[in-house]
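Here, each number is a calculation from the coordinates, and none is a lab measurement. In this text the structure is predicted, and so the values were computed from the model without any measurement. All Cβ positions, even for glycine, are placed from backbone atoms using ideal geometry, and neighbour counts span all protein chains on display.
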Amino acid sequence: MQEFHRIHTFFKPLCGTGAYDLCDDTACLGDFAHSTDTIVSGVHFIGHESPYQLAQKLLGTSLSDLASVGATPLTYSLNLTLPKGIDDCWFESFSKGLQYMQDTYGIYLLGGDTTHFSSILGENAPMVLSATVFGTAPYDIHRNTAQVGDAVCISGKTGLGYVGLQLALGAVACLHTPSIPLEHYYTPIPHIAMGKHIAPYVHACCDVSDGLVADVGHIATASHVDIVLYMPHIPICETIAEYSHVLDIQHAVLSGGDDYVLAFTVPENAISHLESCYRIGTVVQKSCDPTVRVLDESGRDITPKYTGYVHT
Ligand code: ADP
Ligand code: MG
C-alpha cells in the first residue's frame, strides 16, 4: 500500500473537525491553520548541509504548507531526534537559522521535544527534524474545491529544486557560484506573501513539494476532476535552461519536486487580479485516467510516466 492509501485507510477514520479528511496541506480549526512536517537525513536532505541551512529548510518547507491556505504564520513547535554526539556548535548554528526564519516570517518558538537515537547506532543514526507551524487563515481553501472551467496557475517557476538536488549530490557540475538552484534546494522560500495575495480568488490550492504533475494531481483527485496542463505555457527559468545539455529540463519542471511554489485553480474572471502568477492549464470534467494530462504545442499527450515523488 502506498502512503496516501494507508493514511486514507487507517488514519482518515480517526480524524474530525478541521482535518478535512487528511487531504489538505494544513488542518484548520476556525481561522487557525496548522501543519506538521518532518525532514530526514538521506531522504529529504543530504546530510552535508550546515545546521543553519537545515533550520531554514525545516521551517521553509513547513511554512510552505501554510502558504497554500493564504495563512499568516504565528508560531511553531520543534521536535528533534538526533544521532548521539551532536555538539553545542550544531545547536548554536541551528538556533541561528531558526532565528533568521523567525525574523523573516514573524514567528516564534512555542515548545518541542528533543530525543536521541540509541548509541548502538552511533553516528550512523539519521537526523529527524520536525516542525509544526501554526497561523491564521481567514479564507476557506482546500484541495477538493477545484471547479470545472477553472484556470490552473502556479505562483512561480518549477524545476529549480530538482536541478539544485542534482548539483547538491554532485551529479552535475555547478555552472555559477553562488548557485540559484543550489540555494533553492538547500533553503527553499515559502510563498507566504503570494499565498495571501491569491487567497481571496482561489478555489483549490496546494504547495508543490512532490512535483508539479503529482501535486496538481492531488487537487484533481480530491476535487473529482481532470486537469490539462499546456507545456508551452509552463515557464522555464533561464537559470535551469543553462543545464539543458546535462539534465532533462522538462522532467525537472514537471516532476522534479522540492519547488515550494503554489499550484492553484481560480475562476477565469479572477486571473486579471493575480500578479506574478503563470496560467498553465485548465480544470476539465473527470473522464479518464490519468487525472492530469500534459499537452505539447500541437496537442500531443506528453504526460510523464514519473509524475513526482512517490510516498511509499
Ligand atoms: P505535505 O507534503 O503537504 O506536507 P503530506 O503528503 O505529508 O503533506 O500529507 C498529506 C496529508 O496526509 C496531510 O493532510 C497530512 O496531515 C496527512 N498525514 C500524513 N501523515 C499523517 C499521519 N501520520 N497521521 C495523520 N495524518 C497524516
Ligand atoms: Mg504540502
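Only alpha carbons enter this Debye calculation for region 1-152, each as an equal point scatterer, and the log10 of I(q)/I(0) it gives at q = 0.08, 0.11, 0.15, 0.18 Å⁻¹ is -0.27, -0.51, -0.88, -1.14.
Need one number: % antiparallel among DSSP beta bridges in the chain, to the nearest 5. Before the final figure, lay out the partial values.
On the way: 38 of 52 bridges.
Around 75 percent antiparallel, to the nearest 5.
Its alpha carbons give region 1-71 an Rg and a Dmax of 14.6, 41 Å.
How would region 117-192 be classified by its alpha-carbon gyration tensor: rounded, prolate or oblate, with rounded meaning a/c under 1.5 and the a/b versus b/c comparison settling the rest? Could the numbers behind the result be given before it?
Working: a/c = 2.66, a/b = 1.35, b/c = 1.98.
Since a/c reaches 1.5 but b/c is at least a/b, the shape of region 117-192 is classed as oblate.
Mind running the shape call on region 51-123? Use the C-alpha gyration tensor, a ≥ b ≥ c as the square roots of the eigenvalues: rounded below 1.5 for a/c, prolate if a/b tops b/c, oblate otherwise. Prolate is the answer for region 51-123, as a/c is 1.5 or above and a/b outweighs b/c.
Of the two radii for region 198-312, the radius of gyration is 0.95 times the Kirkwood radius, both from the alpha carbons; that is the Rg over Rh value. Simple rule: put +1 on each Lys or Arg Cβ and -1 on each Asp or Glu Cβ in region 158-312, find the dipole, and look at Leu247, Leu169, Ala222; the Cα lying farthest toward the positive end is Ala222.
The protection proxy used here, the mean number of other Cβ atoms lying within 10 Å of each residue, ranks peptides 293-303, 78-88 as follows, highest first: 78-88, 293-303. Farthest toward the positive end of the dipole of the chain, out of His34, Ala146, Gly135, is the Cα of Ala146, where the dipole comes from beta carbon charges about the Cα centre. Inter-part distance, region 199-214 to region 235-312, computed on C-alpha centroids, equals 11 Å.
If you average 1/r over all unlike Cα pairs in region 85-231 and invert the result, what Kirkwood radius do you get in angstrom?
On the way: mean 1/r = 0.0529 Å⁻¹.
18.9 Å is the Kirkwood radius here.
Using the rule -39500 (n - 2.57) for each DSSP H run of four or more residues, divided by the residues of the chain, the 222 nm mean residue ellipticity is -8000 deg cm²/dmol.
Calculation over all alpha carbon pairs of the chain in 20 angstrom steps from 0 returns a P(r) of 33, 59, 8, 0 percent.
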